[in-house]
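Colleague: Mind looking over this structure? Questions follow.
The values are calculated or read from the model by the stated rules, or taken from the named source; none is laboratory data. None of the values given here were measured: they were computed from a predicted structure. Backbone-built Cβ (ideal geometry, glycine too); neighbour counts: all protein chains shown.
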Amino acid sequence: MKFITRYFIILFLLSLPMLAQKTAFKVVPLGVKGGIDETNLSAYLIAPVKTNNYICLDAGTINAGIEKAIENQVFTVSVDEVLRKYIKGYFISHAHLDHVSGLIISSPADSSKTVYATKKCMQMMEEHYFNGKTWANFGDEGPGYQIKKYHFQTLPLEEEVKISNTTMTVKAFPLSHGNPFESTAFLIQNDTNAVLYLGDTGPDAIEKSTDLTELWKAVAPMIIEKQLKGIFIEVSFPNEQPDNALYGHLTPNHLMQELSKLEDFAGKGNLKDLKIIITHRKPPTKNIQKIKEQLKKDNALGVDFVFPEQGRRFDL
């Protein structure tokens, strides 16, 4: 009897790390690249693991990504059902076309839902895209006839906001993407679990900014408490790209420098095994492969790099 009791105690103790790392979110990449491949541009569906209440982080590619996910048996329903019923809202980090074109093109077939963005990003979308000229205004704000299919919700910075039709909340943080052009990071939380998604961003040193430093300070406590399940962050170019030609993007070296700053705030060794999801890798293919190799080679922090593939689910 004592042996059996000891056995179950040992089994329980061994299972504690697994319980601490319990899956909280499921992610379906609809597009993972930067650059010229219009069928595979930044867009990531994320939902609490036991629901289909997805939000879409950026929206460069929508329809082609859903088709690829169905092809990979991630979804067993139609493209129309995923688009209209599963996606509960869109979060646009900045208004560059490779982050918003899928939303624009899909809007006539979509259902009513909310589009979230910071003030400057929302103004750009209203003035240049959903303006009744470039494209019909499917929103409830802005110029031209308002179809009011989408609710355009402007996000304040660094304030927690409830995400409609989900159990999640969001907090937006500013990023610099070719100073003074602004991008956004979204901290998505569900209960005590969170993920951090960064739109395009350059390193603080090149951008003459403190945006990333302030972001790292804000999320470091969640890393210490093992609440942050992963960070989505771009690496657009390999290390050979000169600093004066980054155009508000990161290389492997610059990413590792930024993550080292994050470790300074979170504590030595606390980034070990943290999932870092690498987004926005730009073609050609040889550069995409080089980025992957350079990140793996220079991983003194011991983070767990994830290189997402279009239409293939992974969990956080």
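Colleague: Is there any pair with a first residue in the stretch 75-99 that is within 17 Å of Pro29 (Cβ to Cβ) and a second that is assigned to a helix (DSSP H, G or I) and among the small types (Gly, Ala, Ser) whose Cβ atoms are under 8 Å apart and which are 6 or more apart or on different chains, and what are they?
Modeller: Qualifying pairs under 8 Å: Phe75/Ala69; Val82/Ala69; Leu83/Ser106; Leu83/Ala109.
Colleague: Just checking, does the stretch 52-61 include any residue being among the acidic types (Asp, Glu), closer than 18 Å to Leu41 by Cβ and buried (at least 23 other Cβ atoms within 10 Å of the Cβ)?
Modeller: Yes, the stretch 52-61 contains a residue that is among the acidic types (Asp, Glu), closer than 18 Å to Leu41 by Cβ and buried (at least 23 other Cβ atoms within 10 Å of the Cβ).
Colleague: Now for a separate question. Just one of (1) touching a helix residue (DSSP H, G or I) at 6+ places or on another chain (Cβ under 7 Å); (2) of a type in the set (A, V, I, L, M); (3) in a helix (DSSP H, G or I) trips up Met222, so point out which.
Modeller: Status for Met222: all satisfied but (1).
Colleague: On the given criteria, is Ile46 touching a Leu at 6+ places or on another chain (Cβ under 7 Å), of a type outside the set (D, E, K, R), in contact (Cβ under 8 Å) with a residue 24 or more places away in the chain and farther than 23 Å from Pro156 by Cα?
Modeller: Taking the combined requirement at face value, the residue does not satisfy it.
Colleague: Looking only at the stretch 96-111, which residues are closer than 15 Å to Cys56 by Cβ and of a type outside the set (Asp, Glu)?
Modeller: Selection gives His99, Val100, Ser101, Gly102, Leu103, Ile104, Ile105, Ser106, Ser107, Ala109, Ser111.
Colleague: Then there is this: What do you reckon, is Thr184 among the hydroxyl-bearing types (Ser, Thr, Tyr), in a loop (DSSP other than H, G, I, E, B) and surrounded by 15 or more Cβ atoms within 10 Å (Cβ to Cβ)?
Modeller: no
Colleague: If you don't mind, another one. Out of Asn239, Asn179, Asn244, which single residue is at pLDDT 95 or above, surrounded by fewer than 21 Cβ atoms within 10 Å (Cβ to Cβ) and within 18 Å of Phe305 (Cα to Cα)?
Modeller: None of the other options fit; the residue is Asn239.
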